[in-house]
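Colleague: Structure provided below as structure tokens; questions to follow.
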Amino acid sequence: MSFFQELKRRNVFRVGIAYVIVAWLLLQVADTLGPALLLPEWFQSGVVFVLILGFPLVLVFAWAFELTPEGLKREKDVDRSRSITPKTGQKLNLTIIALLGLAVVYLGLDKFVFEHEHPDAAGSGAPSIAVLPFANMSDDASNEFFADGITEELLNLLAKIPELQVTSRTSAFQFKGKEIDIPTVAKQLNVAHVLEGSVRKSGTKVRITAQLIDADTDRHVWSDTYDRELDDIFAIQDEIARKVVDVLHVTLLGQAPTTQKTDADAYTLYLEGLHFMDLDGPDFWPQAQAKFDQALEIDPGYAPAWFGKAEAIRELANWGDYDLAEGTELARQWARHALELDPTLAEAWALLAQIELTYDWDWAATADLVDKALQYGPRSPRALAEAARLNQVLGRLDEARSYFDAALAVDPLSNTRLRDAGVVAFWLQDYARADSLFRKIEALYPEGAWPNDRIAVAIMEGRYGDAERLVEAILEWPGYSDSVREYVFRFSSAYALPFVGRRAEAEAALEWLISERGAALSYQYAEIYATHGKPDKAFEWLETGFEYRDGGLTYLLVDPWLEPLHDDPRWRPLLEKMKLLDYWDAMQEKQRTKPAAPGAPA
């Protein structure tokens, strides 16, 4: 018997073919899970190396050993007359056919499902791009805020081009300081091109290097370096934006947007203000506001700085570090002034919509402002989120989910967008998706995740022991300060511990919250009392929240924690005060006329 025939008899060829198919399928799985789990860039290469190393070993094993009715034996110890290699070969043939079928199914899913997961992403036909944080090449490390600010302003400029799909800042900045290859970045952000570069600032001189990269080939399609005076920084941004449009062959339906110009010193102060806003917290918002004020002292007509002031004071008022009524009114005035100076600021329109929605409770005015925000920022995550929240408030959860998903497609790694999508999934009782999104937040932002989101899912699914364990884990949660950790622990304890019989601890936690936070958490107290069978207390805090203008009351129609109150005679009068009664009745009518599921009792 020839060597070739002996290889065939021992099923070496069949084993090799099966191994190759399995290896290919494993590579597809690794390629999918790698970006989703934020695995390092060497992960895929490591899988390939192991599979290549295993191939000759498998062939040698198939040659040297044979499967017999008594188990695995060395081939030379098997009597040829008792060999079952023909039967083993038939089984291998069936295995190969099954594996090929699985590969065909995967290819079909990859072509017709996976690539169309996000209709607004790169596959939509619009050129897509992410602007990665420009590196700070200045000798002074404190100039990093300047490089970040240039990146953000350039990103905002490109985002004003409706014919271009631009990933939001929050997701793009996830890769700051990380050594991740461009194709991996592009895949996680679902874009076809990446713009990156560096900034060197020395006195009044600035050097900006920019390069546009095709994600599929990982090749530069354009690069340039600009050596200018600081006063020319706006012209550089405009030139880069125009070059991106030209290289990507974007056909503009209108005039290309340009950067709003201001004094160089005012612009530097404004970028410092953005830096403190991005740090996100009550310790930084006053510093941001101070920088915006200094910028406006130099240039009172600089619209972005007015919007920055409005955003900072609104955050402080929401947090409780500034009077809610006064802070909200100042935010409204400053945002309006920003729009008088530049009516194209989509974020300012969205902020006004947020105020009308969560403070004024004027649904018609909110709708008008949302339309304005979407007019000037059709792909602005913030504008899309406000459109979603309006639908959410009015009980239109399916429409809300569509807008939140659109915002997530533009900003796929954002803590806020992931949580928005998770919360609406929770309200739609899609607990698996909600929990998946909340877990992703924990993986990306361990210091900024709220464990009570997953606790809520566990309670709704009846997994009270899991909810209790998650509450206890908060005491060891990474990234929190002691004060924030205690607040989150008490908050979650008040919700969850009664379900496992620890009512005294839950009541103590709730009393602590009320003494520490007062009326600022009126709506949350009402949720807790409603959930645990104390409707009088729940309505008492809802009335307090109404007087306080607690934005939580906008969730009345969709909040499952308040379901125990729905049949109470005080429920409908409360909805009427909130101008939500008609929407509630429409929801109930829709539910009554909804077709029964197949097989459901008549």
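The values are calculated or read from the model by the stated rules, or taken from the named source; none is laboratory data. Source: prediction; values computed, not measured. For neighbour counting, all protein chains shown are included, and Cβ atoms are generated from backbone atoms with ideal geometry for every residue, glycine included. Surface accessibility is based on the protein's heavy atoms, side chains included, excluding ligands, DNA and RNA. Shrake-Rupley method; radii C 1.70, N 1.55, O 1.52, S 1.80 Å.
Colleague: Quick check for me: using +1 on Lys/Arg Cβ and -1 on Asp/Glu Cβ, what's the dipole size of the chain about its Cα centre, in debye to the nearest 20?
Modeller: Approximately 3360 debye in magnitude.
Colleague: Whole number please: convex hull volume per residue of the Cα set in region 336-490, in Å³?
Modeller: 130 Å³
Colleague: Probe of 1.4 angstrom, ligands and nucleic acids ignored: what's the accessible area per residue over region 290-412, in square angstrom?
Modeller: 36 Å²
Colleague: Using a Cα-Cα cut-off of under 23 Å, which lysines could be cross-linked to residue 87, ignoring same-chain neighbours fewer than 8 residues away?
Modeller: Of all the lysines, those that pass the test against residue 87 - Cα under 23 Å, at least 8 places apart if same chain - are 8, 73, 76.
Colleague: Determine the relative contact order of the chain: mean sequence separation of Cα pairs under 8 Å and six or more apart, normalised by residue count, in whole percent.
Modeller: Averaging sequence separation for qualifying contacts and normalising by length gives 8 percent for the chain.
Colleague: Still on this model: Return the loop-located GluC sites (Glu not before Pro) in region 163-253 (DSSP other than H, G, I, E, B) with at most 13 other Cβ atoms within 10 Å of their own Cβ; answer none if there are none.
Modeller: Within region 163-253, the qualifying GluC sites (Glu not before Pro) (loop, at most 13 other Cβ atoms within 10 Å) are 163, 179.
Colleague: Further, regarding this structure: What's the extension gain from residue 577 to residue 486 if we count 0.36 nm per residue and subtract their Cα-Cα distance?
Modeller: 29.3 nm
Colleague: Kindly state, as a whole number, the per residue volume in cubic angstrom of the convex hull around the alpha carbon atoms of region 470-562.
Modeller: Once divided by residue count, the hull of region 470-562 is 108 Å³.
Colleague: Report residue 58's accessible area, 1.4 Å probe, all protein chains in place, as a number in Å² to the nearest 10.
Modeller: In the full protein context, residue 58 sits at about 40 Å².
Colleague: Find, among the GluC sites (Glu not before Pro) in region 381-472, those assigned to loop by DSSP (not H, G, I, E, B) with at most 11 other beta-carbon atoms within 10 angstrom.
Modeller: 447
Colleague: Expected output is a single nm value to one decimal: the length gained when fully extending between residue 589 and residue 52, i.e. 0.36 nm times separation in residues minus the C-alpha distance. What is it?
Modeller: 187.1 nm
Colleague: Only four residue types carry charge here, +1 at the Cβ of Lys and Arg and -1 at the Cβ of Asp and Glu. Report the dipole size of region 351-509 about the Cα centre in Debye, rounded to the nearest 20.
Modeller: Magnitude of the dipole: close to 260 debye.
Colleague: Let me ask something else about it. Can you give the relative contact order of region 302-357 as a percent, counting alpha carbon pairs under 8 Å and 6+ residues apart?
Modeller: Rounded, it is 37 percent for region 302-357.
Colleague: Of 178/440; 309/440; 201/291; 176/201; 176/440, which pairs sit farther than 23 Å apart, going by alpha carbon to alpha carbon?
Modeller: Pairs exceeding 23 Å: 309/440.
Colleague: Determine the distance separating the Cα centre of region 301-315 from the Cα centre of region 357-407; give it in Å without decimals.
Modeller: The two parts, judged by their Cα centres, are 21 Å apart.
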